[in-house]
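Encoded as structure tokens, the structure appears first; notes follow it.
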There are 2 protein chains.
Amino acid sequence: MNTSFNHHSKDEVNVSEIDDTEITGDVIKVSAKSRSTAVAGAIAGVIRDHRYAEVQAIGAGAVNQAVKALAIARGYLERDEIDIVFTPYFTEVVIDDQERTAVRFKVEIRA
Amino acid sequence: MNTSFNHHSKDEVNVSEIDDTEITGDVIKVSAKSRSTAVAGAIAGVIRDHRYAEVQAIGAGAVNQAVKALAIARGYLERDEIDIVFTPYFTEVVIDDQERTAVRFKVEIRA
């Protein structure tokens, strides 16, 4: 999987390295197997390009990896003097014909 | 355990109901066993009183409960037209003579 947003990211992320992580537009789908540093690089890349990102996680393991990635991404973006804040919300998603409750994090630049 | 901040909270929280949740000043310590709605009430109460709160979690189960509580607390505080945002960071804590990495969430009112 190749995405265009990484080509000028300072925190180079080889997306294929991010196990089970999917990136569609500005939505980064995190799994319990996702590496938090790789996801953090993806978040930083999307924020630099779009000034906005969403991170989606289903289940405690995925939520934990997402939160770690958000904390690490803050460090990456501080170097660029970008200060990000988050708002979590619940959303229903359908996976394999089953409805699941996902946690979504809106990632925004602090006003 | 009784804390003073709940006495005029709209989302009445009996803190003793919050299994394994500890509240010290504006720091709310969440465990994997914490009930997310009760923690959300505690966050809303601390925010109303102090305009600032910190939520601490150690381990994936606790982080997940903390994130769910943050999402629910947003709903409680929206009724008061208070819009909260979060920034997670890592901190080292010592528990039973062992160093553990905790996730802390700063909870602030959006500027």
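The values are calculated or read from the model by the stated rules, or taken from the named source; none is laboratory data. Note that the structure is predicted; figures quoted are calculated from it, not measured. Neighbour counts run over all protein chains shown; Cβ positions are idealised from the backbone, glycine included.
A few points about this structure:
- Number of positions in region A:50-81 that are within 11 Å of chain B (Cβ to nearest Cβ) and of a type in the set (S, T, N, Q): 2
- Selection status of B:ILE47, under 11 Å from the mean Cα position of the chain (by Cα) and more than 9 Å from chain A (Cβ to nearest Cβ): yes
- Of all the criteria given as (1) in contact (Cβ under 8 Å) with a residue 40 or more places away in the chain; (2) within 24 Å of A:ALA102 (Cβ to Cβ), the one not satisfied by B:TYR52 is (2).
Residue by residue, here is whether (1) in a strand (DSSP E or B); (2) within 16 Å of A:ALA60 (Cα to Cα) holds:
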{"position": "B:VAL46", "(1), (2)": "no, no"}
{"position": "B:ALA71", "(1), (2)": "no, yes"}
{"position": "B:ILE82", "(1), (2)": "no, no"}
{"position": "B:THR101", "(1), (2)": "yes, no"}
{"position": "B:ARG104", "(1), (2)": "yes, no"}
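- Unmet requirement for A:ILE84, which otherwise passes all of (1) under 16 Å from A:ALA38 (Cβ atoms); (2) within 11 Å of chain B (Cβ to nearest Cβ): (1)
- Qualifying residue in region B:89-102 (condition: touching a helix residue (DSSP H, G or I) at 6+ places or on another chain (Cβ under 9 Å), in contact (Cβ under 8 Å) with a residue 12 or more places away in the chain, buried (at least 24 other Cβ atoms within 10 Å of the Cβ) and not hydroxyl-bearing (Ser, Thr, Tyr)): no
- Region B:84-99, residues that are modelled with pLDDT under 95 and either in a helix (DSSP H, G or I) or closer than 21 Å to A:VAL107 by Cβ (or both): none
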